[in-house]
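Since the structure comes first, as structure tokens, the remarks are kept for the end.
The values are calculated or read from the model by the stated rules, or taken from the named source; none is laboratory data. Note that the structure is a prediction, hence the values are computed from the model and not measured. Reconstructed Cβ throughout: ideal geometry from the backbone, glycine too, with neighbour counts over all protein chains shown.
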Amino acid sequence: MAHLEGQERAEYVQDMFARIAGRYDRMNRLMTFGQDMKWRRYVIQQAHLPANGRLLDIATGTGDIALEGLQQTPGLTAVGGDFTIEMMQAGKRLPARAAILWTAADTLRLPFPDDTFDAVTSGFLMRNVIDVPGAFREQMRVTKPGGRVVVLESSPPKKNLLRPFIKIHLNHVIPTLGRLITGEADAYRYLPDSTQQFQTPEHLAETMRQIGLTAVQYRLFMFGAIAIHTGQKPADP
């Protein structure tokens, strides 16, 4: 599963999210003890969106981050893009998300002109893409000069006293909850596996710098299991 590469990995991820779309939000609340809502609020705070600005939330899923942007920012145009149609359909059924502009979009080939959005956000995307630098380059391309790219992502457990407990949660608690709540234990084995095989927060920050983002910083949550990275597209000279 998490060892898959290239197009095979992309197709697996798309099919997996299609299968769990209807109960994705409920599982997020359960396996993060409700903390994911706080993380999404922080993502939007870090995006520094102006009133009447434009936000792209890529891999939007059911639109949680896009909704948070609308709630925090007056007059915001919030575009939610995803390559799994079933996830967006689940979000569209929720009346509170009616203002989100939904669109089919692949983060490696975003269907938008250069310099379109004041910020681009993503939640739990980067560990699933087959080309992390390429995804960042596309996100930076569609961001306006001076705008921000903000990334919410899980991180490999740090080597500390809590590591055994975090690994138990990842490798046993989450798959069990996934089987009970969604009937898809396989999907919820992939998610912990992909987390543990992903880049460290330090490495991800360096990847962002290498593709040209500036002022890159990150903050850790949940004992280091979650990181929110922020980078800025250089302003025009």
#### Entry: Cross-chain or 6+ apart pairs with Cβ under 8 Å, region 126-151 first and without any contact (Cβ under 8 Å) to a residue 40 or more places away in the chain, then in a strand (DSSP E or B)
Glu138/Arg109
## Note on the structure
Taking region 200-215 and keeping only residues that are among the hydrophobic types (A, V, I, L, M, F, W, C), free of Cβ contacts under 8 Å to residues at least 60 places away in the same chain and either crowded, with 18+ Cβ neighbours inside 10 Å or more than 22 Å from Lys144 (Cβ to Cβ) (or both), one is left with Ala205
### Task
Please enumerate the residues belonging to region 11-51 that are touching a Ser or Thr at 6+ places or on another chain (Cβ under 8 Å), part of a loop (DSSP other than H, G, I, E, B) and surrounded by fewer than 21 Cβ atoms within 10 Å (Cβ to Cβ).
Pro50, Ala51
### Message
Can you find, within region 136-179, the residue that is modelled with the highest pLDDT among those that are charged (D, E, K, R), farther than 20 Å from Gly123 by Cα and part of a helix (DSSP H, G or I)?
### Response
Arg179
### Task
With the checklist (1) more than 19 Å from Gly146 (Cα to Cα); (2) at pLDDT below 95 in hand, flag the one item Ala235 doesn't pass.
(1)
### Task
Quickly run through region 28-53 and pick out the residues that are of a type in the set (A, V, I, L, M), farther than 22 Å from Lys233 by Cβ and touching a residue at least 40 places away in the same chain (Cβ under 8 Å).
Leu30, Met31
### Task
Quickly run through region 42-80 and pick out the residues that are of a type in the set (Val, Ile, Thr) and farther than 24 Å from Phe17 by Cβ.
Thr73, Thr77
#### Entry: Qualifying positions in region 78-96 - closer than 24 Å to His48 by Cβ and either out of contact with any strand residue (DSSP E or B) (no Cβ under 8 Å at 6 or more places or on another chain) or aliphatic (A, V, I, L, M) (or both)
Ala78, Val79, Ala96
### Query
Can you name the condition, by its number, that Asp106 falls short on among (1) in contact with a Leu (Cβ under 8 Å, 6 or more places away or on another chain); (2) among the acidic types (Asp, Glu); (3) free of Cβ contacts under 8 Å to residues at least 24 places away in the same chain?
(1)
### Task
Would you point out the residue of region 112-131, among those that are within 15 Å of the chain's Cα centre (by Cα) and of a type in the set (S, T, N, Q), that is farthest from Gln14 (Cα to Cα)?
Thr121
### Summary
Selection over region 194-237 where residues are of a type in the set (Ser, Thr, Tyr), part of a helix (DSSP H, G or I) and under 13 Å from Trp39 (Cα atoms) yields a count of 0
## Note on the structure
By residue number, the members of region 132-151 that are among the small types (Gly, Ala, Ser), under 16 Å from the mean Cα position of the chain (by Cα) and farther than 15 Å from Pro111 by Cβ are Gly134
### Query
In this structure, is Thr60 within 25 Å of Pro133 (Cα to Cα), touching a strand residue (DSSP E or B) at 6+ places or on another chain (Cβ under 8 Å), in a loop (DSSP other than H, G, I, E, B) and among the hydroxyl-bearing types (Ser, Thr, Tyr)?
yes
